[in-house]
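Here the structure is laid out as structure tokens; the discussion comes afterwards.
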Amino acid sequence: MSEKPSKSNRAPFPSGGATWEEIEATMDDLTKDDIDWRAGRVPLYVFKATEEASHAGKHGFMKFFSENALGGKRAFFGLKKMEDDIIDFGLDLLNGPAGSGGMTSTGGSESILIGVKAARDFARSQGCTGNAFNIVVPYSAHPAFNKAGGLMDIEVRRANIGVDLRADTDSMETMIDKQTIMLVGSAPCFPHGVVDPIDDISVLAQKWDIWLHVDACVGGYLIPFLQKAGRSIPNFDFNFPGVRSISADLHKFGFCPKPISTLFFRHAEDLERVTFKFDGWPNGLFSTATIAGTRAGGAIAGSWAVLNHLGVSGYTSNAEKMAEMTDRYVLGIEAIEGLHMLAKPDATIINFGSRDYDIFAVAEKLGEHGWLPGLTKDPKGMHAMMSMFHEPAREQYLSDLEAAANQVRGNNIGESNITATY
Ligand SMILES: *Cc1c(COP(=O)(O)O)cnc(C)c1O
């Protein structure tokens, strides 16, 4: 047990009475040292398509500020209809076959958690017993799989990735055994921004009869539109017969208000099985598919608003703009002496390093100029997941990056001791 904070450094419970004007002034003061994310200086966490889409999301959210999605079935029918629509839209986009189903959740981590639980519950329904299950994921898969494994006592085996930084399916296959209940591929993985070979992993899943979850938290609402915009990006969806579930975040490249993600199942029965149902308390049947009970109605309404506002045309034109922006970033970075891409980006995540000097030393210098540097430790590199916040920042970023790189290279500055943190 940690010690209780002493009275002197603990914030006292407010005495109350602050007006909104006072509160807002204090909030502005609290954020004055924040990194300027609106100006594209934060390379993750925040997403933007257009001003109009942000407007639709905010207004949709505020209109349903009080409604609770937990009560969608019994009281808030409009909200329930919007949630059902959101699931239909996602299944339509990701080629969900007849009989498929889905749900919304509060984020990618929750979607992944429930996906892993669904595979575990399915394995149990097939007569597999005990808790000694394992899942096989690429080294580059999101930590949420380990969070899920930790909660459910499922071992997470991280397989090698290849020189192209995509999942190595041979390495994955060597880790499979009788207790393996799930294989995972990312579309794309967060660290390197490349799509794993879902086609090959799907073959593996069918060969060994194992559940395949595709983590499209980043690409679910982005890759289909990059493809429509004419970009050649590997496929990842339910058209591959081994794919049994897909996580896709609306609050990333769906440009919807946090917190919202989606989770889709090839078989609606998998959703039915994973749904928590409990009747042994005074108020009768309690049933939710989510980990959360109470859920923000605003996130659903705001997402429904953004999806209807952007639609196929808006998402496609925005995807095209982001792809062109990413191309310009890549060109600009590769024009700087000593820098090279660690992978050719499949989406808008860039990851680059240097063979000539310490890239973390460059990142440290950039940090001194008001940029939050994204880092990968393996391979050592700089990292950014970009949306339209990052277009106005591009020229300044590239010139500050070049100055930092030249400084490190020219002055033979040694290794930085900063560490990669998400
Ligand atoms: C962001 C992310 C997640 C987790 O999503 P949260 O909404 O942050 O919980 C999962 N997988 C990938 C590839 C991600 O980038």
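The values are calculated or read from the model by the stated rules, or taken from the named source; none is laboratory data. The shown structure was predicted, so the numbers you read here are calculated from the model rather than taken from an experiment. Please note: Cβ atoms are built from the backbone with ideal geometry, for glycine as well, and neighbour counts cover all protein chains shown. Surface accessibility is based on the protein's heavy atoms, side chains included, excluding ligands, DNA and RNA. Shrake-Rupley method; radii C 1.70, N 1.55, O 1.52, S 1.80 Å.
Contact order for region 235-359, expressed relative to its length and based on alpha carbon pairs under 8 Å spaced 6+ residues apart, stands at 14 percent. Scanning the chain for GluC sites (Glu not before Pro) lying in DSSP loops with no more than 14 further Cβ atoms inside 10 Å, the longest uninterrupted stretch between such sites is 4-336. Ranking Pro379, Leu94, Ile35 by Cα position along the charge dipole of the chain, where only Lys, Arg, Asp and Glu carry charges on their C-beta atoms, puts Leu94 farthest toward the positive end. Of the Cα atoms belonging to the chain, the radius of gyration and Dmax stand at 22.7, 72 Å. Charged neighbours of Pro188, selected by a Cβ distance under 13 Å, balance to -1 (K, R count +1; D, E count -1). For region 1-110, the share of alpha carbon pairs falling in successive 5 Å distance bins from zero is 2, 7, 9, 12, 16, 14, 14, 12, 7, 5, 2, 1, 0 percent. Charged side chains reduced to their Cβ positions (Lys and Arg at +1, Asp and Glu at -1) give region 1-95 a dipole of some 440 debye around its Cα centre. When every alpha-carbon pair in region 274-364 is counted, what percent end up more than 21 Å apart? Every Cα pair in region 274-364 considered, those over 21 Å come to 62 percent. Taken over region 298-422, the alpha-carbon convex hull comes to 123 cubic angstrom per residue. Stretched out straight at 0.36 nm per residue, the stretch from Asp85 to His340 would grow longer than its current Cα-Cα span by 87.5 nm. Each Lys or Arg adds one and each Asp or Glu subtracts one; over the other residues with Cβ under 12 Å from the Cβ of Gly370, this totals -3.
A straight Cα-to-Cα reach below 19 Å connects Lys117 with the aspartates and glutamates Asp153, Glu155, Asp177, Asp209, Asp215, Asp249, Glu269, Asp270, Glu272, residues fewer than 8 places away in its own chain not being considered. Entry note, the chain: relative contact order of 21 percent, from Cα contacts under 8 Å with a spacing of 6+ residues. Phi-derived couplings, Karplus 6.51 cos²θ - 1.76 cosθ + 1.60 at θ = phi - 60°, listed residue by residue for region 169-184: 5, 5, 4, 4, 5, 5, 8, 6, 9, 4, 9, 6, 10, 7, 10, 10 Hz, with x used for Gly and Pro. Taking max minus min of the alpha-carbon positions on each principal axis, region 61-174 gives extents of 50, 37, 30 Å, largest first.
Using 0.36 nm per residue and subtracting the Cα-Cα separation, the extra length available between Asp170 and Ala98 on full extension is 22.7 nm. Spin-label pair Tyr422-Ser15: with each label point 7 Å from Cα along the Cα-Cβ axis, the two points sit 4.2 nm from one another.
The gain in end-to-end length when the Glu368 to Ser66 segment is fully stretched comes to 104.5 nm, 0.36 nm per residue minus the alpha carbon separation.
Accessible area per residue for the chain is 48 Å², calculated with a 1.4 Å probe on protein heavy atoms, without ligands, DNA or RNA. Taking the Cα centre of the chain as origin, sum charge times position over the Cβ atoms of Lys and Arg (+1) and Asp and Glu (-1), and report the length of that vector in debye to the nearest 20. In total the dipole reaches around 1020 debye. Structure note, pairs Lys207/Lys252; Lys147/Lys365; Lys178/Lys207; Lys63/Lys147; Lys80/Lys147; Lys252/Lys344: Cα-Cα distances above 23 angstrom occur for Lys207/Lys252; Lys147/Lys365; Lys63/Lys147; Lys80/Lys147.
Once the convex hull of all Cα atoms in region 116-246 is built, its volume per residue stands at 95 Å³. Using R0 = 35 Å, the C-beta based FRET efficiency linking Asp153 and Val203 works out to 0.75. If R0 equals 25 Å, the separation of the Cβ atoms of Asp28 and Ser8 corresponds to a calculated FRET efficiency of about 0.45.
Highest mean packing first, where packing is the average number of other Cβ atoms within 10 Å per residue, the peptides 145-152, 288-295 line up as 145-152, 288-295. Distance between the C-alpha centres of region 355-390 and region 153-217: 27 Å, rounded to the whole angstrom. On the chain, 53 percent of the accessible area sits on carbon and sulfur atoms, based on a 1.4 Å probe.
Other residues within the sphere of radius under 14 Å centred on the Cβ of Leu94, judged by their own Cβ, net out at -2 (K and R +1, D and E -1).
Contact order for region 1-107, expressed relative to its length and based on alpha carbon pairs under 8 Å spaced 6+ residues apart, stands at 9 percent.
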